[in-house]
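The values are calculated or read from the model by the stated rules, or taken from the named source; none is laboratory data. Just so you know, these numbers come straight off a predicted model, no measurement behind them. Note that each Cβ is placed from the backbone with ideal geometry, even for glycine, and that neighbours are counted across all protein chains shown. The protein model used for the area step is the full one, side chains on, heavy atoms only, and it has no ligands, DNA or RNA in it. Shrake-Rupley method; radii C 1.70, N 1.55, O 1.52, S 1.80 Å.
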Amino acid sequence: MRPGLISILLVVSACTGAPEIATSTSADAATSSTHPNTTTLATTTTLATTTTLATTTTLATTTTLESLQSLAYRELATMPFPVQVVARPGDESAYVITKGGQIWLLVAGEVAPEPVLDISDRVRSQDEQGLLSMALHPTDPSRFYLHYSDDAGDTVVSEFTFLSPTQADPESERVLFQAEQPAPNHNGGMLQFAPDDALLLGLGDGGGSGDRYNNGQNPDSLLAGLVAVDVDGGTAPASYAKGLRNPWRFWIDGDLIYVADVGQDIFEEVDVVPLESGHNFGWPIAEGLHCFNAPVCDTSGQVIPVIEIRHGDAGTCSITGGVVYRGAAIPELDGVYLYSDYCGGWLRSFRYTNGAAVDQTDWTDQVGVPGRVTSFGVDGSGEVYVTTIEGLFALVPVR
C-alpha cells in the first residue's frame, strides 16, 4: 500500500522575538545562546547524549533480559500520512489512523489490506486539517471516537460503532462536539480518555500567528486548551485547561498529563502537570520559558514548561509530543517520556521526577531519523510506535 504523499503544513509561522520570562527560573534543554535583546534569568543545561544502561534486567523470576545495547526503529509499513496508533490494553491488535480519513488494523506488525473505516468523503485533509485522532471507549469495545476536520475545515468529535474488530459502521456517527475553526492551522486534535472516563480533546488557538483570534486567554472560548467531553451526554463540553497554542499531542500517564505545545518562531515546549482541570499554560503571554512579544510578563499562576527546545536545535521547528513508556520489552525505559519534532525527526526522552525533567537523553544517533515525525502511539502491550508522513515504525530494543 503506497498511495501518494499528502502534504501538510505543521511548521509554525515566523513572527516577532520573545524576551525571557522575568518571573521564573528553569533549565533550558537547548544549548544555543539567549535570543538577542533579552535578559537571561534561566540557567541553561546541555542535553545529555548518552544514558547508562543496566547490564541485566529481571522481568520475572523466570525471565532475565540481556543488557540493552541501543534502540532501533523497525519499519512496518509505507502509507500516506499516518498520525496515530491506538489500542486497548491487552489487545493483540491496534489501529493506525491516517490523516486522509481512514483507520487501518495493525496485527503482528502487519497493516491489513482494507481499512476498518473510511470517512475520507467527509474529511478535509489540507494543511493541518484532516482525521487527527482516535480514542477507544475504555469499557465498551463497540464504541470509539474520532476528531476530524469537516468539509468546512471545522473541528468535529464524533462517536462511531464497530461492527467487528475489523469493520466499523460509517453511518453510526453521533456528533458530540463541534467548533468553528477560523484558520486551517493549529487544530491540535488529540483525543484520550482520562481515568475518570472523561474524553479530553486538545485544541489550538484558532490558527494564524500571535494568537490572532485572541483565544489563548479567553475564558469564553474552548479553543487554545483542553476540552472535557462527556461521551454519554450528561454534561456539555467544558474547558479543562487554557493557554495552549497548538498542543500537538498530549499523553496521560497515571495522575499526570504531558503536553507538547508547538511554539511560534523561537521555542517549543513540553509541560507536565497533575491531571486536573484549571491549568493555564500561558500562551500568548509566554512562549516556552520566555515572554512572548513583550519585555516583561506576569506568569504567576501559569504552568512553567519542564522542557524548552530552541528552533534550529538539530532541525527543530514543531514539536511532536510522545508517550510515557510502560511496556515490557524495554523495562529500562519504564516511566520515560519519549518525544520528537516534525522537522528534526530526532528522538529524545526524559524522566519526570520531583517536578523536573531528569535523565534527558538524545537517542537519535542510535535510531536515526525516520522522516518527518507526526505522532507516537502504543499497542495493547504498551510498546511504542512512531509515525511519519510516509510510514509506520516500531521502536524496539537492541540487546
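Just wondering, is there one or more residues in segment 248-256 that are of a type in the set (Gly, Ala, Ser) and surrounded by fewer than 23 Cβ atoms within 10 Å (Cβ to Cβ)? Walk me through how you get there before you give the answer.
To start, the set of residues in segment 248-256 that are of a type in the set (Gly, Ala, Ser) comprises 254.
Within this subset, residues satisfying the condition of being surrounded by fewer than 23 Cβ atoms within 10 Å (Cβ to Cβ) are 254.
Scanning segment 248-256, I find at least one residue that is of a type in the set (Gly, Ala, Ser) and surrounded by fewer than 23 Cβ atoms within 10 Å (Cβ to Cβ), so the answer is yes.
Cβ-Cβ distance below 9 Å, separation of 6 or more or different chains: which pairs start in segment 70-81 with a residue that is open to solvent by 20 Å² or more (accessible area, probe 1.4 Å) and end on one that is part of a loop (DSSP other than H, G, I, E, B) and among the aromatic types (Phe, Trp, Tyr)?
That search, which allows pairs on different chains as well, returns 70/363.
Please verify whether residue 161 is β-branched (Val, Ile, Thr), open to solvent by 10 Å² or more (accessible area, probe 1.4 Å) and within 17 Å of residue 191 (Cα to Cα), treating the condition exactly as stated.
When the stated conditions are applied, residue 161 passes them.
Looking at 137, 147, which is the one that is in contact (Cβ under 8 Å) with a residue 12 or more places away in the chain, open to solvent by less than 40 Å² (accessible area, probe 1.4 Å) and within 25 Å of residue 342 (Cβ to Cβ)? If you could, list the steps in order and put the result at the bottom.
On the way: 137 fails: within 25 Å of residue 342 (Cβ to Cβ).
Going through 137, 147 in turn, just one is in contact (Cβ under 8 Å) with a residue 12 or more places away in the chain, open to solvent by less than 40 Å² (accessible area, probe 1.4 Å) and within 25 Å of residue 342 (Cβ to Cβ): 147.
Yes or no, residue by residue, for (1) more than 22 Å from residue 105 (Cα to Cα); (2) more than 18 Å from the chain's Cα centre (by Cα); (3) part of a loop (DSSP other than H, G, I, E, B):
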residue	(1), (2), (3)
299	yes, yes, yes
337	yes, no, no
346	yes, no, yes
361	yes, yes, no
397	yes, yes, no
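Across segment 229-240, which residue is least open to solvent (accessible area, probe 1.4 Å) among those that are out of contact with any Ser or Thr (no Cβ under 7 Å at 6 or more places or on another chain) and either among the charged types (D, E, K, R) or not in a loop (DSSP other than H, G, I, E, B) (or both)? Outline the logic, then answer.
So the first thing to find is which residues in segment 229-240 are out of contact with any Ser or Thr (no Cβ under 7 Å at 6 or more places or on another chain), and the list is 229-239.
Adding the requirement that they be either among the charged types (D, E, K, R) or not in a loop (DSSP other than H, G, I, E, B) (or both) leaves 229-230, 232, 238-239.
Working: 229: 5, 230: 50, 232: 113, 238: 45, 239: 55 Å².
Top of the filtered list is 229.
For segment 348-358, check the following and say yes or no: at least one residue is under 23 Å from residue 132 (Cα atoms), part of a loop (DSSP other than H, G, I, E, B), open to solvent by 10 Å² or more (accessible area, probe 1.4 Å) and not small (Gly, Ala, Ser).
Looking for residues that are under 23 Å from residue 132 (Cα atoms), part of a loop (DSSP other than H, G, I, E, B), open to solvent by 10 Å² or more (accessible area, probe 1.4 Å) and not small (Gly, Ala, Ser), one finds none in segment 348-358, hence no.
Among the listed residues 188, 210, which satisfies the condition of being open to solvent by 30 Å² or more (accessible area, probe 1.4 Å), in a loop (DSSP other than H, G, I, E, B) and under 21 Å from residue 309 (Cα atoms)?
Numbers: 188 fails: open to solvent by 30 Å² or more (accessible area, probe 1.4 Å).
Just a single option satisfies the conditions, and that option is 210.
For a quick check of your reading: which strands (runs of 3 or more DSSP E) sit entirely within segment 61-123 and have at least 2 residues that are over 20 Å from residue 390 (Cα atoms) and at pLDDT 95 or above? Spell out the reasoning first.
Numbers: elements: 63-65, 70-78, 82-86, 93-98, 102-107.
Passing ranges, in order: 70-78.
When you go through (1) in a strand (DSSP E or B); (2) open to solvent by 10 Å² or more (accessible area, probe 1.4 Å) one by one for residue 200, which number turns out not to apply?
(2)
Suppose the filter is modelled with pLDDT under 95 and over 19 Å from residue 95 (Cα atoms); does residue 233 pass it? Before you say what the answer is, go through the steps one by one.
Working: modelled with pLDDT under 95: yes; over 19 Å from residue 95 (Cα atoms): yes.
The answer is yes for residue 233.
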